[in-house]
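Please treat every number below as a calculation from the coordinates, not as lab data. All of these numbers come straight from a predicted model, not from anything done at the bench. Virtual Cβ from ideal backbone geometry, glycine too; neighbours counted across all protein chains shown.
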């Protein structure tokens, strides 16, 4: 999709889209599908190049990225003094003035500077000292900052970024209610793409909880940009984001709203708990999507003549207590669905152990801090 309106300054910049471990491949596919320039595959996150508007578009349209960072500088930093000098080489007043607040986070890997807190403090001092010297005043640090600075220090080489997202991108803004173990929206979107859903086939989540997988499916099928439900992004709070940029962003959002698809496939959110199902209905209304809701146990599933795709996140027994035989019963129910495709995020090895056919795809993932597996089956 091409967008009208131009940012005040069209620069060629380098961006980094961070990803949940294990979802990098589908994030790379998504960013390429969105037409973002120079997308490259990389573990831990996906780099791409482009203009400021390409960075905005990634924030608005990516369903899988956790955050979008824009690169400010790269420089060697084997010592505190060289780190300080490198940070001061950036013209900070462009994005950050004494009227705004900021924060600094650092990650250190394989470098002489190992203490991430002390490293972040050195970056903060360099920024504050520059602005105090040039403008007479310094910005304050805040837990809800206008400008978020991120430093990655690997093998004594520093990469300095600004976080364009602000709040993490999984916070779409539509979720009013959550269950006991909510699934991140970005991970739900990644599961759908990993399952190979074509946005036409009937889709069912029989353990829907607060409805995240079904809602993300409906938004994707309707071509609704996930960032449109957000109040604002981090880059809108920067000093460099003025009236011209605000107008260009409004135009971009308007074109994205106009791209909404008409007809969508049947998407069913089912759960045996009526209270949980009510939460899913509330969240779907807030997201502006229509789903079919069904109060039904996953153990009562029956196949029919129209094969469908199941994408679900069954309880693991870590955050949600389940009976020991529950995985066996669930997988037995799935085995009855001849000709269907089943994708699940399994947080317990029992799910894979209880299914006789081998999964056609098996990927290790993290759901928050819980190691999980994505399992994809074609039921014969």
- Task: Restricting things to alpha carbons, tell me how big region 13-163 is in terms of Rg and Dmax, in Å.
- Result: 15.9, 47
- Taking only Cα atoms, what is the 0 to 90° angle, nearest 10, from helix 326-335's long axis to the longest principal axis of the chain? 70 degrees
- Message: Can you give me the angle between helix 52-61 and the longest principal axis of the chain, using Cα atoms only, in degrees from 0 to 90, rounded to the nearest 10?
- Response: 20 degrees
- Message: Ignoring everything except DSSP H segments at least 4 long, calculate the 222 nm mean residue ellipticity for the chain; use -39,500 (n - 2.57) per segment, divide by total residues, nearest 500.
- Response: -9000 deg cm²/dmol
- Ratio Rg/Rh, restricted to region 201-259 and using Cα atoms, in which Rh is the Kirkwood radius: 1.14
- Query: How far is it, in nm, from the label point at residue 260 to the one at residue 246 when both lie 7 Å from their Cα along the line to the Cβ?
  - Reply: 2.5 nm
- Within region 98-133, what residues put their amide N at less than 17 Å from the label point 7 Å along the Cα-to-Cβ vector of residue 13? 103
- Task: Would you kindly compute the Cα radius of gyration of region 107-225 and its largest Cα-Cα separation (Dmax), both in Å?
- Result: 20.8, 62
- Task: Quote the FRET efficiency, to the nearest 0.05, computed for residue 41 versus residue 253 with a Förster distance R0 of 30 Å and r equal to the Cβ-Cβ distance.
- Result: 0.55
- Task: Tally the DSSP beta bridges in region 13-163 and give the antiparallel ones as a percent, rounded to 5.
- Result: 70 percent
- Message: Could you give the length gained by full extension between residue 141 and residue 176, i.e. 0.36 nm per residue of separation minus their alpha carbon distance, to one decimal place?
- Response: 9.6 nm
- Message: Can you give the FRET efficiency to the nearest 0.05 for residue 305 and residue 199, using r as the Cβ-Cβ distance and R₀ = 22 Å?
- Response: 0.55
- How big is the antiparallel share of DSSP beta bridges in the chain, given as a percent to the nearest 5? 60 percent
- Given a Förster distance of 56 Å, the FRET efficiency implied by the Cβ-Cβ spacing of residue 79 and residue 51, rounded to the nearest 0.05, works out to 0.95
- Task: May I ask you to order 332-340, 49-57, 258-266, 372-380 by the average number of other C-beta atoms within 10 Å around their residues, highest value first?
- Result: 49-57, 372-380, 332-340, 258-266
